[in-house]
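Trainee: Dropping the structure in here first, questions after.
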Amino acid sequence: MSLLANKEVDDSAEPAETPRLEAKDGVNADFVLPPRPKPTFALNEKAPALFPVGIGELQVGEGVSFSGKVIAADKVLIGGFADGEIDARFVEILPTGSLNGGVKAEHLIVAGTLTGEADVIGDLFVKSTGTVDGKIAYGRLSVEEGGNVLGVLEKIKGEGRHTNQDNESVVPENNRQDGKI
């Protein structure tokens, strides 16, 4: 016995005759339809999503190209190609992922490729498979052996970049590093 939609169902009963397809003119073609699969969830429950995505989350999957702007998100995962601007609390570029554009985030993990600008208030973590190329501002930087960081690096002190009266980024020379780390 099993419970299905709060009703008892007798599993010991013999199944009905297997349906057969018949060819035209009443000739039996011996094509047997497979049995209907049983659901893996109760019929009174919502079916689970194949790739669960939470509220405030965006995933650009492998083989997907995205072009545009993410104005506000909690979490963005990039496994495909993204061209544009991303503003999120947490951004991760997976090994198969690539972002061409800009990102503003509290935390950024790069295992794929980032080309452009990044403003990361908290942690910028470049994995061994990752490459970052461009103008990068960060709170804390960690690069695994094999990871590449190219371009202009700026260490953020406090909340965000330091700006002058023309709202241009001002970075003391001793905080800049050019080239590969």
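The values are calculated or read from the model by the stated rules, or taken from the named source; none is laboratory data. Since the model is a prediction, treat every value here as computed from it, not as a measurement. FYI the Cβ positions are ideal-geometry reconstructions off the backbone, even for glycines, and counts take in every protein chain you see. Note: accessible area is taken over every heavy atom of the protein model, side chains too, but ligands, DNA and RNA are not part of it. Shrake-Rupley method; radii C 1.70, N 1.55, O 1.52, S 1.80 Å.
Trainee: How large is ³J(HN,Hα) for each residue in the range 127-135, as worked out from phi by the Karplus curve 6.51 cos²θ - 1.76 cosθ + 1.60 (θ = phi - 60°), to whole Hz, x for Gly and Pro?
Mentor: Coupling constants for the range 127-135: 7, 4, 8, x, 9, 10, 9, x, 9 Hz.
Trainee: May I ask you to evaluate 6.51 cos²θ - 1.76 cosθ + 1.60, the Karplus curve with θ = phi - 60°, for each residue of the range 93-104 and list the ³J(HN,Hα) values in order in whole Hz, giving x for glycine and proline?
Mentor: Whole-Hz 3J(HN,Hα) from phi for the range 93-104: 9, 6, x, 8, x, 8, 10, 10, x, x, 9, 10.
Trainee: Compute the distance in nm between two label points, each set 7 Å from the Cα along the Cα-to-Cβ direction, one at Glu106 and one at Ser128.
Mentor: About 3.0 nm, to one decimal.
Trainee: Could you pull out every residue, at least 5 positions away or on a different chain, whose amide H is within less than 5 Å of the one on Val149? Hs are placed 1.01 Å off N in the peptide plane, and Pro or chain starts have none.
Mentor: Hits under the 5 Å cutoff: Val132, Ile181.
Trainee: Pull up all non-local amide H partners of Phe66: gap of 5 or more, or a different chain, and H-to-H distance under 5 Å with H placed in the peptide plane.
Mentor: So Phe66 has HN proximity to Phe81, Ala82, Asp83.
Trainee: What figure, in Å² to the nearest 10, do you get for the accessible area of Ser65 with a 1.4 Å probe and non-protein molecules left out?
Mentor: Its heavy atoms expose roughly 100 Å² to the probe.
Trainee: Something else now. What ³J(HN,Hα) values, in whole Hz, does the Karplus curve 6.51 cos²θ - 1.76 cosθ + 1.60 give for the range 79-91 when θ = phi - 60°, with x put for Gly and Pro?
Mentor: x, x, 10, 10, 10, x, 10, 10, 10, 8, 6, 10, 10
Trainee: Quote to one decimal, in nm, the extra length available between Ser142 and Lys155 on full extension: 0.36 nm per residue of separation minus the C-alpha distance between them.
Mentor: 3.5 nm
Trainee: OK, next. Sorted by accessible area with a 1.4 angstrom probe, largest first, how do Val64, Val120 fall?
Mentor: Val64, Val120
Trainee: Determine the order of Phe90, Phe81 by accessible area, beginning with the largest, at a probe radius of 1.4 Å.
Mentor: Largest accessible area first, the list is Phe81, Phe90.
Trainee: With a 1.4 Å probe and all protein chains kept in place, how much accessible area does Glu62 have, in Å² rounded to the nearest 10?
Mentor: The accessible area of Glu62 comes to roughly 140 Å².
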